[in-house]
Amino acid sequence: MIINWKEDWLQQKGTKQKSIKKLINRIKKQRTKRLDEWVNQLHSNTFKEIDCLECANCCTTIPPIVNETDVRRITRHLGLPIATFREKYLTKDEDGDQVINASPCPFLLTDNRCDIYEVRPKACRKYPHTDNFEFTKNLDLHLINIQYCPAVFRILLKVENGLPK
């Protein structure tokens, strides 16, 4: 377990922005399946070091996109009519996407667990998009997510330190 991983992230995330942006531009030129395989392993190792329940920054700062399949699944689970769920929990963001209307998420419990974890939106299930061979598909998103997710930040630092120049 890394001591003070959260403080380390909070102190470094701003100062490393430029070097990580350069790294992402370099990766865009040399995307390979091997890179996704390697980052998949980095993802697994990183999440052995970082406990999302100690952070929950994504749930407190980023309203997730909620697609129609998510709406049906969540409303069934909550026993709410779809119209009631939409009115109570959803809004459109500046991109026109349907998102949860509040930050922190209204389903975030005081212990940082999710009240609808088993039926959470696809966006929450896939976050932070660094596993399942999705790393190179989401490079621009990772640059944004280092501001929200210490795991993404640590993964990118590991890539930066291990990627041939």
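Data table
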{"quantity": "Residue pairs, from the table Lys16/Lys88; Lys16/Lys137; Lys16/Lys122; Lys6/Lys33, whose Cα atoms sit over 32 Å apart", "calculated": "Lys16/Lys88"}
{"quantity": "Cα gyration tensor shape for region 64-121, rounded if a/c is under 1.5, else prolate or oblate", "calculated": "oblate"}
{"quantity": "Alpha-carbon centroid distance for the pair region 95-165 / region 1-38, whole angstrom", "calculated": "14 Å"}
{"quantity": "Value in Å of the Kirkwood radius, where region 1-61 supplies the Cα pairs that are averaged", "calculated": "13.7 Å"}
{"quantity": "Kirkwood estimate for region 89-165, i.e. one over the average of 1/r between Cα atoms, Å", "calculated": "14.5 Å"}
{"quantity": "Sites Ser44 and Arg72 - FRET efficiency at Förster radius 41 Å, r taken between beta-carbons, to 0.05", "calculated": "0.85"}
{"quantity": "Likely footprinting exposure, His142, His43, fewest C-beta neighbours within 10 Å first", "calculated": "His43, His142"}
{"quantity": "Extension gain (nm, one decimal) between Lys88 and Thr61, 0.36 nm per residue minus Cα-Cα", "calculated": "7.9 nm"}
{"quantity": "Length added when fully stretched, Asn132-Thr32, from 0.36 nm per residue minus Cα-Cα", "calculated": "34.6 nm"}
{"quantity": "Label-point separation, Asp51 to Gln12 (7 Å along Cα→Cβ), nm", "calculated": "2.1 nm"}
{"quantity": "Whichever aspartates and glutamates have a C-alpha closer than 20 Å to that of Lys21, once near sequence neighbours (fewer than 8 apart) are set aside", "calculated": "Asp8, Asp36, Asp131, Glu134, Asp140, Glu160"}
{"quantity": "Residue-averaged 222 nm ellipticity for the chain, from DSSP H runs of 4+ at -39500 (n - 2.57), nearest 500", "calculated": "-15500 deg cm²/dmol"}
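No value in this document is a laboratory result; all are computed from the given coordinates. Computed from a predicted structure; not experimentally measured. Positions of Cβ are generated from backbone atoms using ideal geometry, with glycine treated the same way; all protein chains shown enter the neighbour counts.
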